Amino acid sequence: MTKWLFFLLASICFLPAFAQPVTFPHYPTPEEAQEMEAFIDSLQALTPLVTPEPPPAPVRTMAEWEEIQAIAISWTQQYAEILIEIVRHSAPECTVIVIASNANSVSNQLQNAGVPMDNVEIINAPYNSVWIRDYGPWSVYHNDVDSLMIVDWIYNRPWRPEDDLIPTVLAEHFNLPIYEATTAPYDWIHTGGNNLRDGMGTNFSSELVLEENPGKTEAEIDAIARAYLGASRYVKFPNLPYDLIHHIDMHMRFIDEETVIIGEYPEGVADGPQIEENIEYLVNEVPTAFGNPFKVIRILMPPDGNGRYPNNNGDYRTYTNSIFVNKTILVPIYEERYDTTALRIYREALPGYNVVGIDCNAIIPAYGAIHCITKLIGVNDPLWIAHARLRDTENQTEPYPVEAIIQHRSGIAQATLYYRTGADGPYTAVPMALEDAAASLWSAEIPPQPAQTEIQYYIHAVAHSGKEQVRPMVAPEGYFRFRVKGAISSNEALNPVETLKLEIYPNPASELARLCLESRNAQSVFIELANQQGQVVWRATEWLPAGVRELPVPVGRLARGTYLLSVVGEKERISRALVLGK
């Protein structure tokens, strides 16, 4: 309850005369801006009621593409149509928490709009505005994955003191510990839309975070971010001149550890020049956590309905202000002729995800969209898979190594790489080996492929507790992919070396697996299935005519796990991993 008392004292002289939530813009109102200096002085003058304590180290802040148990919104009637669609498309993925002043009214609106209420929880609590991204809680984990905690800091809107208490409300609702960077020496003023992260210790903000903390050095701010968020690196970009809010989620969206979607204006228009400078700095000066250059995907920043950009008083329309909700990603949309391209870019970058557009014309004049009015709560029991997706290559002769950091608090029992070279075809499973126990690094290889091949792949892991996870989260329908460049040689096209081809389906299997064997000539083959200890659990000898033949493999009585299936022909041996799950 410390924060409730702290902010009651700090903001009582700034509180306007209203009791119900009103419509505030995303940015500070003129009245708030006028009172900001006095508001900050009042915070700094208060004696802490309790000495602040950061969360127990080490700390890791979750990335937005990780598994969540809930998404939270604050209800504001002016934007009810947008909020209804967020609830509609989020509820199939997780619990939706709605902060509201009138639960019955909100419930009736949702039900009248045809939204099932099974996964919706409405909490009556005081609040001031819809912008929960900025004042809501942050999900962090002790020791990467061990335990979920909530982190919070100061929201600098003098007329919105109740907003800044919502993290405590949600921490109590989920029965989670909360650590507040609200009193000296950890008094940190920050807004959530200006805090993007990669889930691996890097945080990104505009230089607004320096301006909002005039009494602190950059080193002091970095130290607070390290203590509360586990930020071993804090990247700050110059502010954009026409972005009134200066929150980087208005023009940037990280979609994995090494890929970022960044808004693009016509040359020389609005914030275009500064965005291009920021990109140059990011790509050339800031390596990813894996040591590679960031991959940048461009997406248009469209003009408003009158064809105006922000430098001509047009709305600050953005497609990067989107949000992951497990297997769904919600994207703001405005006008079909621009939306079609933006949604296609998301679907191409994130195959398998349910990409949903939500009309945000009503809210974008307030300098915010979907990301600005939502907040995520991570799961209590994460199985974390961090991976640098493979990129296009010229290599046609050497295997393609796949590495991933895989962690769960119970430990990882097994990990498997699945890959395929034909769209919609069956995946081949390859067991991953623990390459570096200290770093929780697992690895496997994809065999070399000829030019013009697209390889699609994903990673599956099982914890000792039995929890399973895939990366990307939408696998096997979704996947990572890369292409082998170069021209196809005539010899490869006309004279394939192999005399045998082998596919296994379904894989994973439960009661029965089937082998699809294709032989270029009639031959006898020896088939063997071995467990991870090398013990043979099933074998057979079969005569294959030239052509394709399917064979059953009885696996119903075998223990769950990854097995190696080998087929030995007259001139070659082929092996594939077979995963059994019950």
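One chain, two ends: Ala559 and Gln77. Fully extended at 0.36 nm per residue, the span grows by 168.0 nm beyond their Cα-Cα distance.
The residues His387, His371, when put in order of fewest to most other Cβ atoms within 10 Å, stand as His387, His371. Backbone amide hydrogens, once placed in the peptide plane, bring Ile358 within less than 5 Å of Val331, Ile333, excluding anything fewer than 5 places away on its chain. Its residues counted as N, the stretch 385-475 yields a C-alpha radius of gyration over 2.2 N^0.38 Å of 1.10. Toward the positive end of the charge dipole of the chain, with +1 on the Cβ of Lys and Arg and -1 on the Cβ of Asp and Glu, the farthest Cα among Leu110, Ala181, Asn278 is that of Leu110. Rounded to the nearest 20 debye, the dipole magnitude of the stretch 51-106 is 140 debye, with +1 charges on Lys and Arg beta carbons, -1 on Asp and Glu beta carbons, and the Cα centre as origin.
Given the options Asn380, Pro365, Gly352, identify the residue whose Cα lies farthest towards the positive end of the charge dipole of the stretch 312-382 (+1 on Cβ of Lys, Arg; -1 on Cβ of Asp, Glu). Checked the options; the winner is Asn380. Using a/c under 1.5 as the rounded threshold, could you call the stretch 498-582 rounded, prolate or oblate? The axes a ≥ b ≥ c are square roots of the C-alpha gyration tensor eigenvalues, and prolate needs a/b larger than b/c, oblate otherwise. Taking the square roots of the gyration eigenvalues as a ≥ b ≥ c, the stretch 498-582 is prolate. If you find the alpha carbon centre of the stretch 51-65 and of the stretch 117-191, how far apart are they in angstrom? The stretch 51-65 and the stretch 117-191 have Cα centres spaced 13 Å from each other. Between helix 2-11 and the chain there is an angle of about 40 degrees, using the helix long axis and the longest principal axis of the Cα atoms. Distant-in-sequence amide contacts of Asn156, defined by a placed amide H-H separation under 5 Å and a gap of 5 or more residues or a different chain, comprise His190.
Each Lys and Arg contributes +1 and each Asp and Glu -1, all at the Cβ; summed about the Cα centre of the stretch 498-582, the dipole is approximately 220 debye. If you look at the Cα atoms of the stretch 164-293, you get an Rg and a Dmax of 15.9, 50 Å.
Each peptide among 325-337, 416-428 gets the average number of other Cβ atoms lying within 10 Å of its residues, and from highest to lowest they stand as 325-337, 416-428.
Dipole orientation for the stretch 383-495: of the candidates Pro450, Leu417, Val474, Val474 has the Cα lying most toward the positive pole (charges on Cβ; Lys, Arg +1; Asp, Glu -1). When the label point is put 7 Å from the Cα of Trp538 along its Cα-to-beta-carbon vector, which residues of the stretch 420-461 have a backbone N closer than 20 Å? Under cut-off, by backbone N: 426-431.
Taking a ≥ b ≥ c as the square roots of the Cα gyration tensor eigenvalues, the stretch 101-173 comes out oblate, since a/c reaches at least 1.5 and a/b does not exceed b/c.
Shown in residue order for the stretch 337-354 are the 3J(HN,Hα) couplings computed by the Karplus curve 6.51 cos²θ - 1.76 cosθ + 1.60 at θ = phi - 60°: 5, 9, 4, 4, 5, 4, 5, 5, 4, 4, 5, 6, 6, 10, x, x, 6, 7 Hz (x for Gly and Pro).
Taking every DSSP beta bridge that has both ends in the stretch 383-495, the antiparallel portion is near 95%.
Pairs to check: Lys327/Lys467; Lys295/Lys375; Lys216/Lys295; Lys375/Lys467; Lys236/Lys375. Give those whose C-alpha atoms are more than 29 Å from each other in this structure. If you can, show how the numbers build up before the last one.
Details: Lys327/Lys467 18 Å; Lys295/Lys375 26 Å; Lys216/Lys295 33 Å; Lys375/Lys467 25 Å; Lys236/Lys375 22 Å.
Where the Cα-Cα span goes over 29 Å, the pairs concerned are Lys216/Lys295.
Taking max minus min of the alpha-carbon positions on each principal axis, the chain gives extents of 89, 51, 49 Å, largest first. As a length-normalised measure over Cα pairs under 8 Å and 6 or more apart, the relative contact order of the chain settles at 11 percent. Close amide H contacts of Ile123 (hydrogens built in the peptide plane, cut-off under 5 Å, sequence separation of 5 or more or a different chain): Val98, Ile99, Ala100.
What per residue convex hull volume, in Å³, do the alpha-carbon atoms of the stretch 382-426 yield?
Working: hull volume 5.4 nm³, N = 45.
Per-residue hull volume (Cα only) is 121 Å³.
Taking other C-beta atoms within 10 Å as the exposure proxy, Cys516, Cys94 rank Cys516, Cys94 from fewest upward.
From the phi angles alone, apply the Karplus equation (6.51, -1.76, 1.60; θ = phi - 60°) to the stretch 266-282 and give each ³J(HN,Hα) in whole Hz, x where the residue is Gly or Pro. Here the 3J(HN,Hα) series is x, 3, x, 9, 6, 8, x, x, 5, 4, 5, 5, 5, 5, 4, 5, 4 Hz. Roughly how tilted is helix 80-90, in degrees to the nearest 10 and between 0 and 90, from the longest Cα axis of the chain? Orientation of helix 80-90: about 30 degrees from the principal axis.
The largest-to-smallest principal axis extents of the Cα set in the stretch 56-108 are 43, 23, 17 Å. For the stretch 143-157, 3J(HN,Hα) computed residue by residue from phi via the Karplus equation (6.51, -1.76, 1.60; θ = phi - 60°) reads 6, 6, 9, 6, 8, 8, 9, 10, 10, 8, 8, 7, 9, 8, 10 Hz, glycine and proline entered as x.
As a length-normalised measure over Cα pairs under 8 Å and 6 or more apart, the relative contact order of the stretch 111-224 settles at 22 percent. Once the mean of 1/r is taken over each pair of separate Cα atoms and inverted, the stretch 61-147 shows a Kirkwood hydrodynamic radius of 13.9 Å. If you take every DSSP beta bridge fully contained in the stretch 194-300, what fraction is antiparallel? Give it as a percent rounded to 5. Approximately 30 percent, going by the DSSP bridge assignments. Charge dipole (Cα centre; +1 on Lys/Arg Cβ, -1 on Asp/Glu Cβ; no other charges) of the chain amounts to roughly 2020 debye.
Would you mind telling me the antiparallel percentage of the DSSP bridges in the chain, rounded to 5? Could you put the intermediate results ahead of the total?
Numbers: 89 of 123 bridges.
In the chain, approximately 70 percent of DSSP beta bridges are antiparallel ones.
Normalising the Debye intensity of the stretch 228-356 to I(0), with uniform scatterers on Cα atoms only, and taking log10 at q = 0.12, 0.13, 0.16, 0.20 Å⁻¹ returns -0.48, -0.56, -0.85, -1.26.
Every number in this text was worked out from the coordinates using simple rules, so none of it is lab data. Every value quoted in this text rests on a predicted model; they were computed, and no experiment measured them. Every residue, glycine as well, gets a Cβ built from its backbone with ideal geometry; the counts of neighbours run over all protein chains shown.
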